[in-house]
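The values are calculated or read from the model by the stated rules, or taken from the named source; none is laboratory data. It should be emphasised that the depicted structure is a prediction, and the values quoted were computed from it without experimental measurement. Here the Cβ positions follow ideal geometry from the backbone for every residue, glycine too, while neighbour counts run over all protein chains shown.
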Amino acid sequence: MKNVFDELKARGMIAQMTNEEKIRELLEKEKVTFYIGFDPTADSLHVGHFVQLMVMAHMQRAGHRPVALLGGGTGMIGDPSGKTDMRKMMTPETIQHNVDCFKKQMSKFVDFEDGKALMVNNADWLMNLNYIEFMREVGVHFSVNRMLSAECFKSRMERGLSFLEFNYMLMQGYDFYHLNQTLGCKMELGGDDQWSNIIAGVELCRRKAGEEVYGMTFALLTTSEGKKMGKTEKGAVWLNPEKTTPYDFFQYWRNVDDADVIKCLKLLTFVPVEEIDELAKAEGSAINAVKERLAYEVTKLVHGQEEADKALEAARSVFGAGAASANMPSTELTAADFADGQISAIDLLMKTGLTPSRGEARRLIEQGGMAVDDEKVTDIAAVIPESAFEKGYVVVKKGKKVFHKAVFSR
């Protein structure tokens with residue numbers, strides 16, 4: 001059986017490691033307990049968490065035991081890594097709510113039954129720490145000089161770094177030590193922006209307990225231009241269907257840049273690498289079929305096969321024949337939305353949520369980016385009469401790739 005280390009490497013997932021030779025040997029010879037931390041900064045996981053979820057799934061499939069650490073404690077402080085400003089402080093109630101939401105979403109990727117994986121909350125051990133005792137037992141092992149040289153702190157020194165955030169690295173390092181001592185965790189994994197924090201945990205386990213443990217980070221989900229993926233005009237691409245619909249989720253992946261589709265297939269699906277290498281040979285319009293495969297596979301993982309099938313049918317219906325699909329995102333209009341038997345093009349864009357403001361709606365129309373039932377709208381004063389809804393709906397098109405059904409029946 002292929003070593004999961006080789007699988008992760010072949011997929012381009014691995015960024016940095018504390019000891020490549022020993023990590024590869026460990027994953028070859030032992031069933032390893034490892035952990036990945038997730039701070040509950042929102043009530044849903046998003047695309048930025050996707051690579052870590054896939055790593056956990058790959059590792060579990062290879063017989064290793066994942067520990068999903070939810071940061072109910074560290075979330076009270078906030079990780080300064082990758083942030084130019086201090087995070088907003090959250091209440092314990094909000095953090096607990098977010099933790100509960102994460103648990104439900106992670107279960108789609110990782111099997112937590114019968115101890116095959118564990119879910120822990122670092123609030124259970126961090127919240128009751130005695131500060132003086134913690135500083136004597138843990139703080140003594142950290143060098144301020146080395147901490148200040150860490151990338152997560154360096155980037156914040158000019159704008160200001162609070163002492164609260166400065167403690168974060170100690171907390172995360174202590175998490176690794178605690179999980180090593182209580183659950184036998186031998187590895188901490190995480191996104192590449194966590195490298196400094198992971199090293200802190202590896203060092204603490206060695207200095208405080210004489211334990212040899214390991215760290216490994218994974219590529220952040222970025223475009224070929226180095227920009228973080230998972231952002232749209234509407235904001236983050238969430239895994240919660242109430243925050244990002246399965247159709248919009250599908251469309252996000254269907255519309256990725258040609259240069260990113262193969263990388264995403266390797267990082268975010270279980271499609272065999274050999275098959276992906278064959279798909280990489282596609283050129284010209286054939287790349288669209290590869291993008292469709294990516295969108296389908298990723299949507300199926302997150303939302304299930306039924307929702308993936310619906311999104312695929314809707315996308316093919318819209319892009320193939322320009323027709324409306326039952327699975328296309330839709331908005332119900334009421335008589336109150338019409339004045340004198342008509343609705344303005346600007347109001348229609350606003351009601352359907354295709355633009356966040358009237359100013360943005362005007363700009364879209366002026367730039368020729370709106371169409372109703374394939375008729376381009378170029379006048380910001382344009383109106384759509386009730387008679388246009390004779391079939392019960394109109395299809396509003398934004399740009400080349402965004403379709404929305406506006407439903408109205410008298």
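Selection over the range 366-398 of residues that are under 32 Å from the mean Cα position of the chain (by Cα) and buried (at least 16 other Cβ atoms within 10 Å of the Cβ) gives a count of 7. Among the residues of the range 193-221, those identified as closer than 26 Å to LYS266 by Cβ, of a type in the set (A, V, I, L, M, F, W, C) and outside any loop (DSSP other than H, G, I, E, B) are TRP195, ILE198, MET216, PHE218. From the residues in the range 222-240 that are part of a strand (DSSP E or B) and polar (S, T, N, Q), which one is modelled with the lowest pLDDT? Looking at the filtered set, the residue picked out is THR232.
Looking at the structure I just gave you, is GLU292 in contact with a Ser or Thr (Cβ under 9 Å, 6 or more places away or on another chain), of a type outside the set (Lys, Arg) and either surrounded by 13 or more Cβ atoms within 10 Å (Cβ to Cβ) or under 26 Å from TRP238 (Cβ atoms) (or both)? No.
In the range 31-48, the residues that are more than 18 Å from CYS185 (Cβ to Cβ) form Cβ pairs under 7 Å with partners that are aliphatic (A, V, I, L, M) and part of a loop (DSSP other than H, G, I, E, B), at six or more places apart or across chains, as follows: SER44/LEU239; LEU45/LEU239; HIS46/VAL237; HIS46/LEU239; VAL47/LEU221; VAL47/MET229; VAL47/VAL237; GLY48/LEU221. Condition first: without any contact (Cβ under 8 Å) to a residue 60 or more places away in the chain and over 20 Å from ILE95 (Cβ atoms). Now tell me which residues in the range 116-130 satisfy that. If the condition is that a residue be without any contact (Cβ under 8 Å) to a residue 60 or more places away in the chain and over 20 Å from ILE95 (Cβ atoms), then LYS116, ASN130 are the ones that fit. The condition (being in a loop (DSSP other than H, G, I, E, B) and in contact (Cβ under 8 Å) with a residue 12 or more places away in the chain) is satisfied by just one residue among LYS243, LYS263: LYS243. Can you tell me which of GLY368, GLY359 is without any contact (Cβ under 8 Å) to a residue 60 or more places away in the chain, over 26 Å from SER409 (Cβ atoms) and assigned to a loop (DSSP other than H, G, I, E, B)? The match here is GLY368. In the set (1) out of contact with any helix residue (DSSP H, G or I) (no Cβ under 6 Å at 6 or more places or on another chain); (2) in contact (Cβ under 8 Å) with a residue 40 or more places away in the chain, the condition left unmet by ALA308 is number (1).
The rows are residues; the columns are (1) at negative phi; (2) surrounded by 14 or more Cβ atoms within 10 Å (Cβ to Cβ); (3) of a type in the set (A, V, I, L, M); (4) modelled with pLDDT under 95.
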| residue | (1), (2), (3), (4) |
| --- | --- |
| MET147 | yes, yes, yes, yes |
| ALA150 | yes, yes, yes, yes |
| MET157 | yes, no, yes, yes |
| ASN167 | yes, yes, no, yes |
| LEU183 | yes, yes, yes, no |
| ASP192 | yes, yes, no, yes |
| GLY215 | yes, yes, no, no |
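ILE276 passes every criterion in (1) under 18 Å from the mean Cα position of the chain (by Cα); (2) assigned to a helix (DSSP H, G or I) apart from (1).
Cβ-Cβ distances below 6 Å connect the following pairs, each with a first residue in the range 179-193 that is in the same structural domain as PHE34 (by TED's automatic domain parsing), a second residue that is of a type in the set (D, E, K, R), and a separation of six or more residues or different chains: ASN180/GLU211. Within the range 1-21, no residue that is free of Cβ contacts under 8 Å to residues at least 12 places away in the same chain sits with its Cβ atom under 6 Å from a residue that is buried (at least 17 other Cβ atoms within 10 Å of the Cβ) at 6+ positions apart or across chains.
Evaluation of ASN98 against the conditions (1) at pLDDT 95 or above; (2) farther than 25 Å from GLN305 by Cβ; (3) of a type outside the set (Asp, Glu) shows that the sole unmet condition is (1). When we screen VAL271, VAL261, VAL290, VAL237 for residues that are under 30 Å from THR33 (Cβ atoms) and not polar (S, T, N, Q), the only hit is VAL271.
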